[in-house]
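Asks: What follows is a single structure, and I will ask about it in a moment.
The values are calculated or read from the model by the stated rules, or taken from the named source; none is laboratory data. Everything quoted here is computed from the prediction, not taken from an experiment. A quick note on method: Cβ atoms are made from the backbone with ideal geometry, for glycine too, and the neighbour counts reach across all protein chains shown. With ligands, DNA and RNA removed, areas are computed over all heavy atoms of the protein, side chains included. Shrake-Rupley method; radii C 1.70, N 1.55, O 1.52, S 1.80 Å.
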Amino acid sequence: RNYVAGVYFQRQSRHSGYDGYAPGLDDFSLATGFPFAGPSTPLDQTFLLSRDTIFRDGAVFGELTYNVTSKWQITGGARFFHQSFQVDAVNNFVFNGAGITAVANDSKVNDHVFKLNTSYDILPDLKVYATYSEGCRRGGANGVPSEGVFASLPAYLTYAPDIAKNYEVGVKGILF
């Protein structure tokens, strides 16, 4: 019997920001009588985004291989994980009339993925195998505005992880 066991932890924090300006926008808005920006908006600013995110992933995992015979093996494994994603964002879409909006969203998930594999050595350099495995791509939370003309629907403020299933059957060997 062979085995692998372990724990995993990741904490990832990021900051991103963007300021958009259109030189002359305030002068144009005064001349046309259409105010693009509010009094709290910097001169000629069209867009502002400041976004801070924190992603945490913790897991325990293990895999066990059982040799049924000297030529046939079966392996099973699992990964149990907890993920959390948090976003704090400040948006200012000048043209939507909402002014500066602050958004704080988070998402959490507890889940698991499995693996099952078997292989049989037909010859010393030739084996057949079959594998079923699952994978996971993390979910998260969006830092999109929740107010104003360009407000996002509540369903889009967070998104769930994707779980993929993989089926594989094959032959491994040496040709020459």
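Asks: List the residues whose amide H sits under 5 Å from the amide H of residue 152, counting only those 5 or more places along or on another chain, with H placed 1.01 Å from N in the peptide plane.
Replies: Under 5 Å from the amide H of residue 152 lie the amide H atoms of 146, 147, each far enough along the sequence or on another chain.
Asks: Solvent-accessible area of residue 114, probe 1.4 Å, all protein chains present, reported in Å² to the nearest ten, please.
Replies: 90
Asks: What FRET efficiency do you get for residue 21 and residue 104 if R0 is 25 Å and r is their Cβ-Cβ distance, rounded to the nearest 0.05?
Replies: Taking R0 as 25 Å, the efficiency between residue 21 and residue 104 is 0.40.
Asks: Follow-up question, since we're still on this one. Calculate the tail of P(r) for the chain: the fraction of all Cα-Cα distances greater than 25 Å, expressed in %.
Replies: 57
Asks: Put a dot 7 Å past each Cα toward the Cβ at residue 46 and residue 34; how far apart are the dots in nm?
Replies: For the pair residue 34/residue 46, the computed spacing is 1.3 nm.
Asks: Still on this model: Around residue 20, under 15 Å between beta carbons, what's the net of Lys plus Arg minus Asp minus Glu among the other residues?
Replies: With Lys, Arg at +1 and Asp, Glu at -1, the neighbours total -2.
Asks: If you don't mind, another one. Can you tell me the accessible area per residue over the chain, all protein chains present, probe 1.4 angstrom, in square angstrom?
Replies: Per-residue value: 65 Å².
Asks: Would you please put 14-25, 68-79 in order of how densely packed they are, using the mean number of other Cβ atoms within 10 angstrom per residue and starting with the highest?
Replies: Those peptides, ordered most packed to least, come out 68-79, 14-25.
Asks: Please get the size of the charge dipole for the chain, origin at its Cα centre, with Cβ charges of +1 on Lys and Arg and -1 on Asp and Glu, quoted in debye to the nearest 20.
Replies: Dipole of the chain, to the nearest 20 debye: 1040 debye.
Asks: So how much slack lies between residue 10 and residue 69, counting 0.36 nm per residue of separation and subtracting their Cα-Cα distance, in nm?
Replies: Result for the pair: 17.4 nm of gain on full extension.
Asks: Restricting to DSSP H runs of at least four residues, report the calculated mean residue ellipticity at 222 nm for the chain, -39500 (n - 2.57) per run over all residues, nearest 500 deg cm²/dmol.
Replies: -1000 deg cm²/dmol
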